[in-house]
Amino acid sequence: MIAQLRRVAHHTQVKRFTRYWQDPQFRAAVDREKVRAKLESEQKGWITYAIHDPTTPDHVGEFNTLIVYVGQSKDFALRVDRRLREAGTATRRPTSYVEGLMYDIMRRGGVPRFRVIERVDDAIASFVSETNWAQHYIAQGYPLRNKWDEQRRPGEAMTRERVPHKWLWRLAVEDAIGAKFTIVAIDKLSGKSLEIDLAAERPKELLRVVRSKLEMRMRELGAQPQFRLLVEKII
C-alpha cells in the first residue's frame, strides 16, 4: 500500500511539470474549452461533435481550422473534460486513439476545439448522426481519424435499422430504454426466447453486464444461452 501511494504521489508530481500546469495561457485556453462544453450540455440530448485542430488551417472546406475527428456523447461536458484532461496532463503520448490525437495537437501548441454539430434524442439516433457526419466530412476530403469501418467507408447512409448491434451492447440500460430496444434471451436447446424487461434492471448497468448475469442464471438452469438485441421499429 505504501509503495502504491508513493507511485501515485510521484506521478502527481510529474504531472505538475506538464504544460497544463506550467503554462497559464495554455491552461486558461483548455479551461475555456471545458466551460464552453459545460454550457452546451445545459440543453439535454445526445450531442454529435467535431474536433478541430487549431494548428492546421482548413484546406478542404469552410472552417478556419481542420476537422480531425467526429464523435458523439450523452454527457458532452464530461467527455470534453476527460479528453482534454488526459491529453493535456499526460507525461507521454496516451495509448487511447483520440487522446493521442489531441496530445499531438497540444504538442504543436494548440488546444483542440470541440464544435457541436447536431443534437438528437437517443443513443441509436446519436450513432446514426455520428456515422453520417463522419462519412460526410470524409467524402469532402477531411482527414478524420475515426476508426470504425462503417464511418470510414463510403456507402449508404446509416439508419436506425443498420446500426451495428455491437455498438449497442456498450450502452447502459437507461440508454436502451430511451432508444426503444431490449435484450432477447434464447435457449438454444429448447428454442424458447424471452424479451427481458429492462425496466427491472438498474438504469446505469451496462447491457453487457446484464447479459453476463443472465447467461450465468440460464446456465445454472441447464440452458444454453444466446442473446440478441431487439430494436423497435419507429415509423
Practice prompt. Using the structure shown, decide if R170 is exposed (fewer than 12 other Cβ atoms within 10 Å of the Cβ), touching a residue at least 24 places away in the same chain (Cβ under 8 Å), basic (K, R) and closer than 30 Å to Q135 by Cβ.
Written response: yes
Discussion item. Only one of G71, G61 is assigned by TED's automatic domain parsing to the domain that holds L39 and assigned to a strand (DSSP E or B). Can you tell me which?
Written reply: G71
Worksheet, complete the sentence: Filtering segment 80-101 for residues that are part of a helix (DSSP H, G or I), under 14 Å from the mean Cα position of the chain (by Cα) and free of Cβ contacts under 8 Å to residues at least 24 places away in the same chain leaves a count of 2
Response to the item:
The helices (runs of 4 or more DSSP H) lying wholly within segment 130-198 that contain at least 2 residues that are in contact with a Phe, Trp or Tyr (Cβ under 7 Å, 6 or more places away or on another chain) are 165-168
Practice prompt. Could you tell me which of the residues R208, R219 is farther than 17 Å from V173 by Cα, at pLDDT 95 or above and assigned to a helix (DSSP H, G or I)?
Written response: R219
Worksheet, complete the sentence: Only one of V111, V128 is within 28 Å of D31 (Cβ to Cβ), outside the structural domain of R202 (by TED's automatic domain parsing), in contact (Cβ under 8 Å) with a residue 24 or more places away in the chain and of a type in the set (A, V, I, L, M), namely V111
Discussion item. Condition first: of a type in the set (G, A, S), modelled with pLDDT of 95 or more and under 18 Å from Q151 (Cβ atoms). Now tell me which residues in segment 67-112 satisfy that.
Written reply: G71, S73
Worksheet item: Do we have A9 as in a helix (DSSP H, G or I) and modelled with pLDDT of 80 or more here?
Response: no
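The values are calculated or read from the model by the stated rules, or taken from the named source; none is laboratory data. Please read these numbers as outputs of a predicted model, since none were measured by experiment. FYI the Cβ positions are ideal-geometry reconstructions off the backbone, even for glycines, and counts take in every protein chain you see.
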